[in-house]
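Working notes, structure below.
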Amino acid sequence: MYALIFDEYDLSKPRKKVLSVHRKRETAEKALAKRQKKLGKRVWECDTRIVWVKTKTTAGELIGASDFQTWRPGEEIPFGERYPDSD
């Protein structure tokens, strides 16, 4: 399942709060867009990202880095996401 997590990219906070859970990436993307609009911020400013959760989870839970990954296994990764922006 896909989840929106609150991720401040702070190494001292390895556990991330699950904001919402979705069966499809498309619905997770809609939820992320709705959150952006609500906060009045761009995606990189609202510290929220979509991840694939390996275990059953619910909104409000805290999950560790071993419980999720950026892409679902076997999911086609868009070309623009395959390579880092810097050298």
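The values are calculated or read from the model by the stated rules, or taken from the named source; none is laboratory data. All values derive from a computational prediction rather than experimental measurement. Positions of Cβ are generated from backbone atoms using ideal geometry, with glycine treated the same way; all protein chains shown enter the neighbour counts.
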Options Lys30, Lys38, Lys13; residue that is surrounded by fewer than 19 Cβ atoms within 10 Å (Cβ to Cβ), within 14 Å of Ile63 (Cβ to Cβ) and out of contact with any Phe, Trp or Tyr (no Cβ under 7 Å at 6 or more places or on another chain): Lys13
field: Pairs with Cβ under 7 Å, 6+ apart, first in the range 52-65 and more than 12 Å from Met1 (Cβ to Cβ) and loosely packed, with under 14 Cβ neighbours inside 10 Å, second modelled with pLDDT under 95 and basic (Lys, Arg)
entry: Gly64/Arg15
task: Sort out which residues of the range 16-50 are acidic (Asp, Glu) and more than 16 Å from Thr70 (Cβ to Cβ), and write them in order of number.
output: Glu26, Glu45
query: If you check Lys16 against the conditions, is it in contact with an Asp or Glu (Cβ under 7 Å, 6 or more places away or on another chain) and touching a residue at least 24 places away in the same chain (Cβ under 8 Å)?
result: yes
- line: Restricted to the range 1-18 and to residues being farther than 18 Å from Arg72 by Cα and of a type in the set (A, V, I, L, M, F, W, C), the residue modelled with the lowest pLDDT is Leu11
task: Give the residues of the range 1-46 that are touching a strand residue (DSSP E or B) at 6+ places or on another chain (Cβ under 7 Å) and hydrophobic (A, V, I, L, M, F, W, C), sorted by residue number.
output: Met1, Ala3, Leu4, Ile5, Phe6, Val18, Leu19, Val21, Ala28, Ala31, Leu32
